[in-house]
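What follows draws every value from the coordinates through simple rules; no lab data is involved. From a predicted model like this one, the values you see are computed outputs, not experimental measurements. Backbone-built Cβ (ideal geometry, glycine too); neighbour counts: all protein chains shown.
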Amino acid sequence: DAGVTQSPTHLIKTRGQQVTLRCSPKSGHDTVSWYQQALGQGPQFIFQYYEEEERQRGNFPDRFSGHQFPNYSSELNVNALLLGDSALYLCASSLDPRETQYFGPGTRLLVL
Amino acid sequence: GIQVEQSPPDLILQEGANSTLRCNFSDSVNNLQWFHQNPWGQLINLFYIPSGTKQNGRLSATTVATERYSLLYISSSQTTDSGVYFCAVEYSGAGSYQLTFGKGTKLSVIP
């Protein structure tokens with residue numbers, strides 16, 4: 001049983017560019033959440049998708065947007081990249097929004 | 001929002017020693033998870049433990065929900081236990097589905 005997968009593993013962008021990160025949940029999981037982890041900090045919640053809709057959003061600007069597809073996979077889009085967007089972006093999936101969340105290996109984004 | 005505090009922030013152990021990591025949270029929760037983050041950034045599930053006690057090999061965890069804390073015990077530590085341990089909680093209020101993480105405990109196990 002494949003776990004949560006994310007692509008790409010690493011990404012380098014310049015300020016002002018746009019980026020799309022992808023996540024495939026564990027088999028059977030219908031809920032996907034995205035987190036941002038800055039260096040030396042704990043992950044911070046960006047948003048959660050369930051049944052192709054954004055269910056809850058954390059304290060992140062509108063530059064951060066997402067999408068969930070009918071097969072439950074998800075994308076995170078960040079527009080107008082800032083240096084401060086450099087971080088590890090983690091995707092988590094769960095069978096139910098309030099059950100155990102399983103995390104993918106993350107995408108490391110560096111903004112120059 | 002809910003606050004999560006972990007202690008100690010850093011811990012250095014000799015191989016074979018035991019340790020206790022603590023997580024305090026400021027409100028009632030539906031979900032509490034302990035994770036181990038390896039050097040490559042992967043968050044590995046250790047326990048889903050909103051209340052009670054669980055054991056898995058050398059690791060065990062206890063959550064006392066009424067007193068708003070959880071403990072992670074590591075016995076006979078090994079160098080492979082090194083990394084950052086995170087506690088994460090989900091507030092039980094209506095419409096809340098996010099995990100809120102503490103700042104973690106960085107564990108270094110030396111031979």
| message | Out of all Cα-Cα pairs in the stretch A:38-86, roughly what percent, to the nearest whole number, are more than 14 Å apart? | response | 57
| note | Under the Karplus relation with 6.51, -1.76 and 1.60 and θ = phi - 60°, whole-Hz ³J(HN,Hα) for the stretch B:6-16, x at Gly and Pro, equal 10, 8, x, x, 9, 8, 10, 10, 7, 3, x
| field | the stretch A:3-69: C-alpha pair distances exceeding 18 Å, % | value | 45
| task | Determine by what factor the alpha-carbon radius of gyration of the stretch A:58-106 differs from 2.2 N^0.38 Å, reporting the quotient. | result | 1.30
| query | What residues from the stretch A:65-89 fall in the zone where the backbone N is under 19 Å from a label point 7 Å along the Cα-to-C-beta line of residue A:112? | reply | A:80-88
| request: Over the residues of the stretch B:1-49, compute the C-alpha Rg and express it relative to 2.2 N^0.38 Å. | output: 1.34
| field | Using θ = phi - 60° and Karplus 6.51 cos²θ - 1.76 cosθ + 1.60, couplings along the stretch A:44-53 (whole Hz; Gly, Pro as x) | value | 10, 5, 9, 6, 10, 10, 8, 6, 6, 10
| Ranked list, fewest to most other Cβ atoms within 10 Å of each Cβ, for B:64, A:78, B:109, B:89 | B:64, B:109, A:78, B:89
| request: Please report A:67, B:36 as a ranked list, fewest other C-beta atoms within 10 angstrom at the top and most at the bottom. | output: A:67, B:36
| task | Could you state, as a whole-number percent, how many of the C-alpha pairs of chain A are farther apart than 22 Å? | result | 25
| In peptide B:37-45, what is the residue-averaged number of other protein chain Cβ atoms found within 10 Å of each Cβ? | 5
| message | Order these by the 10 Å Cβ neighbour count, fewest first: A:51, B:5. | response | A:51, B:5
| message | Restricting to Cα pairs below 8 Å that are 6+ residues apart, what does the relative contact order work out to for the stretch B:1-86? Please round to a whole percent. | response | 33
| remark: Binned at 5 Å starting from 0, the alpha-carbon pair-distance distribution of the stretch B:6-111 in whole percents comes out as 3, 13, 24, 25, 19, 10, 4, 2, 1, 0
| note | Rounded to the nearest whole number, the Stokes-Einstein translational diffusion coefficient of the protein assembly as shown at 4 °C and 1.567 mPa s (Kirkwood radius, C-alpha pairs) in µm²/s is 72
